[in-house]
Every structure is written in C-alpha cells, then in structure tokens.
Amino acid sequence: MSSIHPSRLQNIPQKKKKKLKPPKPQPASTSLTRAQLRKKIRDLTRLLSTPSTTSSSSSSTKGKLPATARIDTERALAAYKLELSSQQQSSKVTALQKRYHKVRFFERRKASRLLSRLHKQKLALSTSPSATTSKPGKEDGGDATEKELDDKIHQAEIDLNYIMHYPPLEKYISLYKPGTDKSTNEKRENIRKDIEQRMRGGTLERGDRLMEVNAAEGFGTSSSSSKKKRRQDEEEQEEEDEGSDGGFFE
C-alpha cells in the first residue's frame, strides 16, 4: 500500500514513457555472403529514402526516420557497400589466379632458371675467366662481359618480379609468348617499367634477396647456395689434384 496520500498523487510528476527507436543498423560483417550484403544494401537504401524528421518539426512524424538514425544508417550502408566491393575484388583475384596459374608457374620456372644461370656465369667470369667449362650460348650470356651480364641479370630480375607481382586484378599477359597486338605489347612494357621503378625504389626485391625469396617459394636456387656449391666443387677438385699421382704410371 502506498504511503502517499491520494490527494497528493496528482502533484507527483509521472515518468515519461521511452519512445521506441528504430533498431540501430549493425556494422558490416565479413561473415555475410554477397547475397546477404546485397539485401542489406537494398533494405538500408529503401530506409534512407524515407524523409528524416527533427525535434522542431510540427508535422506528423509517423513513418519518418529520425535524423540521428539516418546518420547511423548511412554509415552502415557505406560499410556494407565497402564489404561487398572487397568480396567482389577478392573473388575476381581468386578466379584470375586459378585461370593463369599454369602459365605463370612455367614462366616463373623459366625465368628462375635463366636468372640462376646468369648469376653462375657472372661468378665464373669474376673468379675464373679462363675456366675450362662449357660455354653457354651467347643469348644466355655466353662470351659476355661483366657489364653485359649485369644488364642481362637486371632484365631477368624484372621478368621474375613481373611474374611474381603482376597486378592481381588484371588478365595476365605472357612474357614469352609472342604477340602481334600493339595494345597488349604496350601494356606488357608499361607493367615491366612499373616493376623496374618499384625495384629501384626498394619496394620490390632484387639481387641476392630476390633469389632467396624465390628459392624459399620453391623456384631456382639462392645466390648464397650457388656460391656454397661452387666452393664445395673447388675444394673437391683440390683434394683430387692433391691425391693424384700426376698421371705417371710405372
């Protein structure tokens, strides 16, 4: 039983009833599928088409979206659109990777072998110019000076980075397949120039570091391992020379 006298009840201010607010839009979630995201975007776009209302408005507010709720809805809509765009890009990247995986694999293996061969030739030229090893073809660097080999190595590094870091949202243009289309050839050269610029800027690997990264992913051999193998071969050759009898027999 209330302790307040009934005559005083009317003087007590009544508690204001809380107005029911529209549910606050949830931020975009990576767990939503593209179909779910599209539905969210349609629903929020439809909701935003409703006129907003302010506290000073004297007209009927029935069916109108409060200004504060509109701001939250616009933010949620932008987040859903961004998430949908991200998923679409990711799907396109995956599709292009699957489509060109085989050709990029074989081209990377070819570029890796060429780069390893050029490094071996440079090492042989700098350590033993008169080595009695079989000379490679001139197109691979045979009978070339050290400067010419450096230029060939630089171009081979550009080719390898081209394959490894090709723009993920672009259809792959083969390095070694001859093409007659002028625009395709120009696009290939523009991408190679961009790759070269990024190498000079230090955002892409080059030199020994490039070979190490490439070898770690299962292609070619690193520069350090090539040098180590050459030292082992030289040591084995020295041991054989010391243990031989000079070719004289009794």
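The values are calculated or read from the model by the stated rules, or taken from the named source; none is laboratory data. Model, not experiment: these values are computed from the prediction. All Cβ positions, glycine included, derive from the backbone under ideal geometry; neighbour counts span all protein chains shown.
Observations, loosely collected:
- Only one entry of 60, 49 meets the criterion of being at pLDDT below 90, exposed (fewer than 12 other Cβ atoms within 10 Å of the Cβ) and either under 31 Å from the mean Cα position of the chain (by Cα) or under 29 Å from residue 34 (Cα atoms) (or both), and that entry is 49.
- Condition check for residue 115: surrounded by 18 or more Cβ atoms within 10 Å (Cβ to Cβ), over 22 Å from residue 37 (Cα atoms) and touching a helix residue (DSSP H, G or I) at 6+ places or on another chain (Cβ under 9 Å): yes
- Within region 177-188, the set of residues being modelled with pLDDT under 90 and closer than 22 Å to residue 114 by Cα comprises 177, 178, 179.
Residue by residue, here is whether (1) in contact with a Cys (Cβ under 9 Å, 6 or more places away or on another chain); (2) in a helix (DSSP H, G or I); (3) modelled with pLDDT of 90 or more; (4) surrounded by 13 or more Cβ atoms within 10 Å (Cβ to Cβ) holds:
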{"site": "132", "(1), (2), (3), (4)": "no, no, no, no"}
{"site": "163", "(1), (2), (3), (4)": "no, yes, yes, yes"}
{"site": "190", "(1), (2), (3), (4)": "no, yes, yes, no"}
{"site": "193", "(1), (2), (3), (4)": "no, yes, yes, no"}
{"site": "239", "(1), (2), (3), (4)": "no, yes, no, no"}
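- Candidates 36, 26, 14, 10 - the one that is at pLDDT below 90, assigned to a helix (DSSP H, G or I) and farther than 29 Å from residue 167 by Cβ: 10
- Residues of region 74-90 classified as under 17 Å from the mean Cα position of the chain (by Cα) and either more than 17 Å from residue 172 (Cβ to Cβ) or surrounded by 13 or more Cβ atoms within 10 Å (Cβ to Cβ) (or both), total: 5
- Evaluation of residue 178 against (1) of a type outside the set (A, V, I, L, M); (2) outside any helix (DSSP H, G or I); (3) over 16 Å from residue 107 (Cβ atoms) (one fails), failing number: (3)
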